[in-house]
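The values are calculated or read from the model by the stated rules, or taken from the named source; none is laboratory data. Computed from a prediction, not measured in an experiment: that's the story for all the values here. Quick reminder, even Gly has a Cβ in these numbers, built from the backbone with ideal geometry, and neighbours come from all protein chains shown.
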Amino acid sequence: MYRTTLVVLLAVFLCTKGEHLQVGTSMNNELIYTENVKLSAVPLTTRTKNVFFNGNDTRVIKGIWAIDMDNSKAKATVTSGGVGFTFTNLKIKSKRGDGLNFQVQIFA
């Protein structure tokens, strides 16, 4: 019993190490945009990537997910627009000396 509990807690800890961004919901919504963001590491510098999405129609964004595929300490933030708008801008920034590997998904 103790061993099973320890394994489950360790698995939860390892799965939640990354800095994922989840705003809104993806339930019963259509995936309207996806982008893989990859930047290699450069020693002693931070890597930054801006992701811009501007919908061509009147569909309102209902969910934004930025998933850290490497479970690093990189951070994604919404800088403008977002849930409730037809556009969004995301800024993804790595820790010093690390690269970026994110998958951005936008739902409407």
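Taking the condition modelled with pLDDT of 95 or more and surrounded by fewer than 18 Cβ atoms within 10 Å (Cβ to Cβ), does Phe85 pass? Walk me through how you get there before you give the answer.
On the way: modelled with pLDDT of 95 or more: yes; surrounded by fewer than 18 Cβ atoms within 10 Å (Cβ to Cβ): yes.
Criteria met by Phe85.
Can you pull out the residues in the stretch 90-106 that are of a type outside the set (D, E, K, R) and within 13 Å of the chain's Cα centre (by Cα)?
Leu90, Ile92, Ser94, Leu100, Asn101, Phe102, Gln103, Val104, Gln105, Ile106 - these are the residues of the stretch 90-106 that are of a type outside the set (D, E, K, R) and within 13 Å of the chain's Cα centre (by Cα).
So which residues in the stretch 90-108 are under 18 Å from Met27 (Cβ atoms) and modelled with pLDDT of 95 or more, if there are any at all?
Start the filter on the stretch 90-108 by keeping residues that are under 18 Å from Met27 (Cβ atoms), which leaves 105-108.
Listed by number, the residues that qualify are Gln105, Ile106, Phe107.
Kindly indicate the residue of the stretch 18-36 that is aliphatic (A, V, I, L, M) and outside any loop (DSSP other than H, G, I, E, B) and also farthest from Asn71 (Cα to Cα) among those meeting that condition. Walk me through it before giving the result.
So the first thing to find is which residues in the stretch 18-36 are aliphatic (A, V, I, L, M), and the list is 21, 23, 27, 31-32.
If we keep only those that are outside any loop (DSSP other than H, G, I, E, B) as well, we get 21, 23, 31-32.
Working: Leu21: 12, Val23: 18, Leu31: 23, Ile32: 24 Å.
Looking at residues that are aliphatic (A, V, I, L, M) and outside any loop (DSSP other than H, G, I, E, B), I get Ile32.
Please determine whether any residue of the stretch 89-104 is aromatic (Phe, Trp, Tyr) and loosely packed, with under 13 Cβ neighbours inside 10 Å. Steps first, please.
Looking only at the stretch 89-104, we keep the residues that are aromatic (Phe, Trp, Tyr), and these are 102.
When the remaining residues are screened for being loosely packed, with under 13 Cβ neighbours inside 10 Å, the result is none.
Checking the stretch 89-104: not a single residue is aromatic (Phe, Trp, Tyr) and loosely packed, with under 13 Cβ neighbours inside 10 Å.
Are there any pairs with C-beta distances below 7 angstrom linking a residue in the stretch 84-108 that is closer than 11 Å to Ile64 by Cβ and in contact (Cβ under 8 Å) with a residue 24 or more places away in the chain to a residue that is acidic (Asp, Glu) and exposed (fewer than 15 other Cβ atoms within 10 Å of the Cβ), with the two at least 6 apart or on different chains, and if so which?
Phe107/Glu30; Ala108/Glu30
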